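Just below is one structure, and these are the notes that go with it.
The values are calculated or read from the model by the stated rules, or taken from the named source; none is laboratory data. Here the structure is a predicted model, which is why all the values come from computation and not from measurement. Please note: Cβ atoms are built from the backbone with ideal geometry, for glycine as well, and neighbour counts cover all protein chains shown. The area values use the complete protein model at the heavy-atom level, side chains included, leaving out ligands, DNA and RNA. Shrake-Rupley method; radii C 1.70, N 1.55, O 1.52, S 1.80 Å.
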Amino acid sequence: MTGPLNGIRIIEFAGIGPGPYCAMMLADHGAEVIRIDRPGAALDPRDPLSRNRSSVVLDMKAPDAVGVARDLCKSADGIIEGYRPGVMERLGLGPDVLLADNPRLVYGRMTGWGQFGPYAQAAGHDINYISLSGVLHGIGRAGEKPVPPVNYVGDFGGGGMMLAFGMVSALLHAAKTGEGQVIDCAMTDGSALLAGMTWGFKAMGRLKDEAGVNMLDGGAHFYDTYRCSDGKFISIGSIEPQFYALLREKTGLSADPAFDAQLDPSQWGPLKEKLTALFATRTRDEWCKLMETTDVCFAPVLSLEEAPQHPHNVARQSFVTVGGATQPAPAPRYSATTNDTPRQAPTVGADTDEVLASLGYDPTRIAALRESGAAR
């Protein structure tokens, strides 16, 4: 793999969601990521979260498998695991063991609640983590129940992306000092941090602690989505005065004095009703023709089917085809290095022999490990 992380080896203990997302990020940007899968596991070649990997199958219930895993971690710059606190320790692969083997190792731990705290051993999912961090409370329409934002905020923004940032930061530290360390990445912590601006607005008295009544949560008429006559939607984000003035010009509302009260929350409801009626008079394509690529701060709301075909996304190659499936392309981009076109997820265990050989295991030893069931 090319990319700025070329030469970095990461061992990924197979999991779901945010752990694989972090591994995808590192692999997309050039790291060699070796995934340790369980016997009987399967990877879907269409899954972006499993792309750009090598796969080794180890049965951790077999006596020799833990030794192989330790050898893999000795060869690595970092590892990623997403089990409940204590699981890796019970396997004999906890931080004390692996950092003693490899003092430069970056040991990335991904959990929902963190390695300690009253909830640490409880099961949970994205919706629960962002509930506890205060984030979900602010997502939804006024007077209605909170709406889960899929699992983008906890699993992927506050989890996988935050761990990827932490891994790279700790890898830079290890490169400078020779000192490895443990990263405790909790999705509660990460999702709280994603809401940093919201906390700032609250402290400054610029935000009500409820959903759907603030400028950026759908409360304002100039920052929302609207249904068009064909049932499709557009998005408006005309916050700044000059952009708001252009919105009024493009929609023929410059002469309506009611729209002078842009920043008066008491008028947002009535003004939104007027915009709702107006935008319902034309199709999405008609509004695109009038406002797309202008400073109105406008975009059509595209479906997953539509987004890869939009001219802007086509021009930037924002989506790629991998193994016959459409996937988001690696991001961001660099001026001095190039991210490879992603490789589809491997067949589980396809790289076991090659990876073990890279550790110096000879064919006889590899065959013995396969015969014992430790490696597959």
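Identify all residues within segment 284-312 that are open to solvent by 30 Å² or more (accessible area, probe 1.4 Å), outside any loop (DSSP other than H, G, I, E, B) and within 29 Å of Ala245 (Cβ to Cβ); write none if there are none.
Asp285, Glu286, Lys289, Leu290, Ala299, Pro311, His312
Considering only residues that are touching a strand residue (DSSP E or B) at 6+ places or on another chain (Cβ under 9 Å), over 22 Å from Asp28 (Cα atoms) and open to solvent by 10 Å² or more (accessible area, probe 1.4 Å), which ones fall in segment 172-186?
Gly180, Gln181, Val182, Asp184
Keeping to segment 215-231, report how many residues are in contact with a strand residue (DSSP E or B) (Cβ under 9 Å, 6 or more places away or on another chain) and either under 19 Å from Asp264 (Cβ atoms) or crowded, with 18+ Cβ neighbours inside 10 Å (or both).
Residues flagged as in contact with a strand residue (DSSP E or B) (Cβ under 9 Å, 6 or more places away or on another chain) and either under 19 Å from Asp264 (Cβ atoms) or crowded, with 18+ Cβ neighbours inside 10 Å (or both) within segment 215-231 amount to 10.
Inspect segment 145-156 for any residue being open to solvent by 50 Å² or more (accessible area, probe 1.4 Å), at pLDDT 95 or above and more than 20 Å from the chain's Cα centre (by Cα) and give the result as yes or no.
yes
I'm trying to understand the selection: among the residues of segment 98-117, which are open to solvent by 50 Å² or more (accessible area, probe 1.4 Å) and either within 16 Å of Ile36 (Cα to Cα) or in a helix (DSSP H, G or I) (or both)?
Hit for segment 98-117 is Ala100, nothing else.
Limited to segment 248-260, what total is found for residues that are surrounded by fewer than 14 Cβ atoms within 10 Å (Cβ to Cβ) and under 22 Å from Gly219 (Cβ atoms)?
4
Here's the yes/no breakdown for (1) outside any loop (DSSP other than H, G, I, E, B); (2) free of Cβ contacts under 8 Å to residues at least 24 places away in the same chain; (3) open to solvent by 60 Å² or more (accessible area, probe 1.4 Å); (4) among the aromatic types (Phe, Trp, Tyr):
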residue: Gly124; (1), (2), (3), (4): no, yes, no, no
residue: Ile127; (1), (2), (3), (4): yes, no, yes, no
residue: Gly140; (1), (2), (3), (4): no, no, no, no
residue: Gly158; (1), (2), (3), (4): yes, no, no, no
residue: Met167; (1), (2), (3), (4): yes, no, no, no
residue: Ala170; (1), (2), (3), (4): yes, no, no, no
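Condition first: touching a residue at least 60 places away in the same chain (Cβ under 8 Å) and among the small types (Gly, Ala, Ser). Now tell me which residues in segment 219-237 satisfy that.
Within segment 219-237, Gly219, Ser235, Gly237 meet the criteria.
Grab the strands (runs of 3 or more DSSP E) fully contained in segment 1-89, keeping just those with 3 or more residues being open to solvent by less than 40 Å² (accessible area, probe 1.4 Å) and under 19 Å from Phe165 (Cα atoms).
9-13, 78-81
Could you please find all residues in segment 323-376 being open to solvent by 90 Å² or more (accessible area, probe 1.4 Å) and part of a loop (DSSP other than H, G, I, E, B)?
Arg333, Tyr334, Ser335, Ala336, Thr338, Thr341, Arg343, Thr347, Arg376
When residues of segment 142-156 are filtered for being touching a helix residue (DSSP H, G or I) at 6+ places or on another chain (Cβ under 6 Å) and touching a residue at least 40 places away in the same chain (Cβ under 8 Å), how many remain?
Going through segment 142-156 one residue at a time, the tally reaches 6.
How many of the residues in segment 238-264 are under 33 Å from the mean Cα position of the chain (by Cα), touching a residue at least 24 places away in the same chain (Cβ under 8 Å) and assigned to a helix (DSSP H, G or I)?
Total satisfying the criteria: 2.
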